[in-house]
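Notes to accompany the following structure.
The values are calculated or read from the model by the stated rules, or taken from the named source; none is laboratory data. Bear in mind that the values here come from a model prediction, so they are computed numbers and not experimental data. For neighbour counting, all protein chains shown are included, and Cβ atoms are generated from backbone atoms with ideal geometry for every residue, glycine included. Heavy atoms of the whole protein, side chains included, go into the accessibility calculation; ligands, DNA and RNA do not. Shrake-Rupley method; radii C 1.70, N 1.55, O 1.52, S 1.80 Å.
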Amino acid sequence: MRPDAPAYPFTAVVGMDDLSLALCLSAVSPAIGGVLVRGEKGTAKSTMVRALAAVLPPVEVVQSCRFSCAPTVPDASCPDGPHFNAPVETRPVRLVELPVGASEDRVVGSLHLDRLLSAGETAYEPGLLAQAHRGILYVDEVNLLPDHLVDTLLDSAAMGRARVEREGVSVTHGARFVLVGTMNPEEGELRPQLLDRFGLAIEVAASREAAVRVEVVRRHLTFERDPDAFAALHAQDELALSLRIAGAQERVAGVALPDAAVETIARICAAYDVDGMRGDLVTARTAIAHAAWCGRDEVTDEDVRVAARLALPHRRRRNPFDDTDGAAEDLEQVLAEQTPETRQDDPDPDGPDGDGPDDGGPEGDGPHDDGPDDGAPDGGGGPGGGLPQLPSGGGNDAATGEADAPGTPADQAGRPYAARLLTHQRPGPGVAGRRSRATTTRGRHLRGVPLGDPRGQGLSVTSTVHAAARRTRGAATPLRLVRADLRRSQREGREGNLVVFAVDTSGSMGAAARVQEVRTAVVSLLLDAYQRRDRVAVVTFADDRARLVLPPTSSVELAQRRLAEVPTGGRTPLAEGLAEVAGLVRRQRARDPQRRPLLVLLTDGRATHGEQPLQRASAAAAHCAAEGISSVVVDCEKRSVVRLGLARELAVTLRAEYLDLGDVAADALSGVVRRSVAPATGAA
């Protein structure tokens, strides 16, 4: 395809009605707060977002204003202002893409280096937020963006302004844009606090209907053969959609929201158990935008129903492990109770353009999607999908005689819960992630530090020039840099760890209740590690050897397949399990020396394989401690009056934090592993 070929038309996308409608409503009313698009790979998420800019009406801006001020209502605090009788130009709406690796300076802006070097003047150079004002800000893989940048984006989108206070600069400017984020949930979820701040959230999935998939393939092949002809074929639809959006934008300010509609929205949010008031506000704004979209001058129950379906389902998530499969059904039940579809007061529900409000978007002849899909095929995994299961195998431990009977409820893991965050105590030179505090090359810029300060991470050009400008301020000579001016950037972010789960699957763990508890804990901790962008490995030990059932990976699907094959039963080769962990950590340190390891050992502490099993296990534990492997021992011994306490003794030898199996859950665990880093961990 030619580099200058037209983009795929917005109205040519098949089967994405909910997403089309959500994007159009956000364009009508940016105050809604943007759209989060969640779905599996290859579902045209990026295609639709990039095509949206082409159908939005052009905007009038003050000529040469870097902040896209509107000539009719210029921003009084615009850094390029004031704008009196300034020339006006009309240009297309901008689509600004924010890459995952963007720095905070690139997003919010920084010092103007040319003016600082030439005149020693502190001036502001706008960032992506300024470029996106009155346009679209698109963040692909928003779940992989550092949390502090997501906070900044959402704050600006909610307030419509960006404020910068840093290094002698104090600037505020307009930043009202349509924020669109796309993500694949398999690669990790957004924190619930951030998820709630997106106005609308849409689940997308490829259709399972053959006819729809055939039409998608045909259209894309036709577009690839002749993009210009394909674009011309849909030009009338694109123009009609652009006019409809423009009309709705003009109409939205005059749409009335009756008290009865506000009360209905409040009852829906209360019945649906929505936390806070953001859900009520977003639903009201969306209902107003939908009424304008349909050509009405007053919000009706139909507008409230459509708005609630787009704005509320993602707000009932309490933590990343909540099951959302039944959220849509529960919402429909609430809507049926609070807004029965018996209205007789809407004689023209299709609006002036003849497109009904339920058409989901601009394309009248495309296949209709009945609602948001769960984003995963049957049996799919990850948070919100099917859960990894650890089937139980036969076998028993010769020392205890406890059988692990297959076919019991212990054959599968229970419902995962939110596991408490396990972190290293002190920041380390780790790789970017979401677990432990770290001094990383990516993260929030704290300050510029002298060149020899070990806290620095790379040369900070802005801080260096600023230091030189302060030194030469008032001098008649041009600005010149000396070594004393050099500054490094001190940044603080989060690091990802190598989390190694070592799980005792021997017969001594065979009591049904304990097996289920252990498996549920493993799945909960494993899912938490995926959410935090760790690399995860799973070692199991039973019978006469240890098995690396899951090499270091970040793939949820691979983890599900491997975990489904783990058997239980037999003797307990604890020493072999710890030796396998030590070897794995040694190999990974050679490949990725900055990723610090964290061992989570789930065992009852028994060792029954080979000669002198307890002594060999103790020696293997001492070796792991000497290698600087930070550890947590989760005691899985059966709760009874008499307990051997072998796991606690093992924790002492490992120099590990000790906790009982019941303390893994977030509401029970307190401060675990925050003191687990010994000085020897520096070897990592």
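Please determine, by comparing only the residues of region 191-219 that are of a type outside the set (A, V, I, L, M), surrounded by fewer than 16 Cβ atoms within 10 Å (Cβ to Cβ) and over 21 Å from residue 157 (Cα atoms), which one is farthest from the chain's Cα centre (by Cα).
218
Just to check your reading of the model, which residue among 30, 92 is open to solvent by 60 Å² or more (accessible area, probe 1.4 Å), in contact (Cβ under 8 Å) with a residue 12 or more places away in the chain and not polar (S, T, N, Q)?
Among 30, 92, only 92 is open to solvent by 60 Å² or more (accessible area, probe 1.4 Å), in contact (Cβ under 8 Å) with a residue 12 or more places away in the chain and not polar (S, T, N, Q).
Is one or more of the residues making up region 318-325 modelled with pLDDT of 85 or more and open to solvent by 30 Å² or more (accessible area, probe 1.4 Å)?
Within region 318-325, none of the residues are modelled with pLDDT of 85 or more and open to solvent by 30 Å² or more (accessible area, probe 1.4 Å).
If you scan region 621-658, which residues turn out to be closer than 22 Å to residue 584 by Cα, in contact (Cβ under 8 Å) with a residue 40 or more places away in the chain and either part of a loop (DSSP other than H, G, I, E, B) or open to solvent by 20 Å² or more (accessible area, probe 1.4 Å) (or both)?
Within region 621-658, 623, 626, 627, 628, 629, 656 meet the criteria.
For region 135-247, list the helices (runs of 4 or more DSSP H) that sit wholly inside it and hold at least 3 residues that are within 21 Å of residue 124 (Cα to Cα) and touching a residue at least 24 places away in the same chain (Cβ under 8 Å); which are they?
147-159
Within region 64-76, which residues are touching a residue at least 60 places away in the same chain (Cβ under 8 Å) and in contact with a His (Cβ under 7 Å, 6 or more places away or on another chain)?
Listed by number, the residues that qualify are 67, 68, 69, 75.
Here are the criteria: (1) modelled with pLDDT of 90 or more; (2) over 37 Å from the mean Cα position of the chain (by Cα). Tell me which single one residue 639 does not satisfy.
Condition (1) is where residue 639 drops out.
To keep it simple, each residue is scored yes or no on (1) open to solvent by 60 Å² or more (accessible area, probe 1.4 Å); (2) hydroxyl-bearing (Ser, Thr, Tyr); (3) part of a loop (DSSP other than H, G, I, E, B); (4) modelled with pLDDT of 50 or more.
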position: 280; (1), (2), (3), (4): no, no, no, yes
position: 283; (1), (2), (3), (4): no, yes, no, yes
position: 286; (1), (2), (3), (4): no, yes, no, yes
position: 290; (1), (2), (3), (4): no, no, no, yes
position: 341; (1), (2), (3), (4): yes, no, yes, yes
position: 368; (1), (2), (3), (4): yes, no, yes, no
position: 377; (1), (2), (3), (4): yes, no, yes, no
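Can you tell me which residue among 52, 98 is over 17 Å from residue 141 (Cα atoms), open to solvent by less than 10 Å² (accessible area, probe 1.4 Å), under 24 Å from the mean Cα position of the chain (by Cα) and of a type in the set (A, V, I, L, M)?
Exactly one residue qualifies, and that residue is 52.
Applying the selection to region 55-75, what residues are in a strand (DSSP E or B) and either in contact with a helix residue (DSSP H, G or I) (Cβ under 9 Å, 6 or more places away or on another chain) or open to solvent by 40 Å² or more (accessible area, probe 1.4 Å) (or both)?
Across region 55-75, the qualifying residue is only 60.
Test residue 59 against the criterion of being out of contact with any strand residue (DSSP E or B) (no Cβ under 8 Å at 6 or more places or on another chain), within 29 Å of residue 238 (Cα to Cα), at pLDDT 80 or above and hydrophobic (A, V, I, L, M, F, W, C), and give yes or no.
Judged against the criteria, residue 59 is not a match.
Inside region 40-49, can you point out the residues that are over 15 Å from residue 95 (Cβ atoms) and either in a helix (DSSP H, G or I) or open to solvent by 20 Å² or more (accessible area, probe 1.4 Å) (or both)?
Listed by number, the residues that qualify are 40, 41, 42, 44.
Go through 50, 38 for me and flag whichever is more than 23 Å from residue 282 (Cβ to Cβ), of a type in the set (D, E, K, R) and in contact with a strand residue (DSSP E or B) (Cβ under 7 Å, 6 or more places away or on another chain).
50
Please enumerate the residues belonging to region 590-620 that are part of a helix (DSSP H, G or I) and not hydrophobic (A, V, I, L, M, F, W, C).
Those that are part of a helix (DSSP H, G or I) and not hydrophobic (A, V, I, L, M, F, W, C): 591, 613, 615, 616, 618.
Under the condition of being aliphatic (A, V, I, L, M) and at pLDDT below 90, which residue from region 642-660 is farthest from residue 621 (Cα to Cα)?
642
Of all residues in region 1-38, which are outside any loop (DSSP other than H, G, I, E, B) and either charged (D, E, K, R) or on the phi > 0 side of the Ramachandran plot (or both)?
Within region 1-38, 17, 18, 38 qualify.
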